[in-house]
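Each remark here refers to the structure printed beneath this line.
The values are calculated or read from the model by the stated rules, or taken from the named source; none is laboratory data. Please read all numbers here as calculations on a predicted model, not as lab measurements. Every residue, glycine among them, receives a Cβ derived from its backbone with ideal geometry; neighbour counts consider all protein chains shown. We work out accessible area using only protein heavy atoms, side chains counted, and drop any ligands, DNA or RNA first. Shrake-Rupley method; radii C 1.70, N 1.55, O 1.52, S 1.80 Å.
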Amino acid sequence: ALRKGSDLEKAFATAALVYNNYADPESKLSKSETKSLLQSQFWHFIQGQENKPKYQEIISSLDEESENKINFEDFMIMLVSLTLMSDLLQEIKNVKITK
């Protein structure tokens, strides 16, 4: 859909497509599905974060028994939060791409 889009547009479109592939017909994810998605599709960013309090808070909230499901907006907030605390982010900041 975004063949001619910018890299940033393509990145967000990809995040939306991955979310939608996991989501139920109401476009929501259970907490366990969210955790599974993060562990399978975002593991480079969450790898090594297990001892960080904010990471533990996010993941433990997904382990709670609750019928509350996660919508796309909450998922994206979680994704950004995990990205900001990731050690991988510092490595990314050090890479400069010239076009």
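Give me the accessible area per residue for the range 17-66, probe 1.4 Å, as a whole number in Å². Each step should come with its number before you reach the end.
Details: 3230 Å² over 50 residues.
Spelled out: the 1.4 Å probe surface of the range 17-66, per residue, equals 65 Å².
When only Cα pairs under 8 Å and 6 or more residues apart are kept, what is the percent relative contact order across the range 2-98?
Numbers: 59 pairs, mean separation 31.2, N = 97.
It comes to 32 percent, rounded to a whole number.
Order 57-68, 20-31 from most to least packed using the mean count of other Cβ atoms within 10 Å.
So the order, starting with the most tightly packed, is 20-31, 57-68.
Translational D (Stokes-Einstein, µm²/s) of the chain at 10 °C and 1.306 mPa s when Rh comes from the Kirkwood sum over C-alpha pairs?
Working: Rh = 14.7 Å.
For the chosen part, D equals 108 µm²/s.
To the nearest 20 Debye, how big is the dipole of the chain about its Cα centre, given +1 on the beta carbon of each Lys and Arg and -1 on that of each Asp and Glu?
On the way: 12 positive and 15 negative charges, 146 e Å.
So the magnitude is around 700 debye.
At a 1.4 Å probe, what is the % contribution of carbon and sulfur to the accessible area of the range 2-98? Working shown, then result.
Working: 3690 of 6910 Å².
Accessible surface attributable to carbon and sulfur in the range 2-98 totals 53 percent.
For Val80 and Glu26, what does the FRET efficiency come to when R0 = 30 Å and r is the distance between their Cβ atoms, rounded to the nearest 0.05?
On the way: r = 23 Å, r/R0 = 0.76.
Between Val80 and Glu26 the formula returns 0.85.
Just give me a number: lysine pairs in the range 2-98, eight or more positions apart or cross-chain, with C-alpha atoms less than 22 Å apart.
Close lysine pairs under the 22 Å cut-off: 13.
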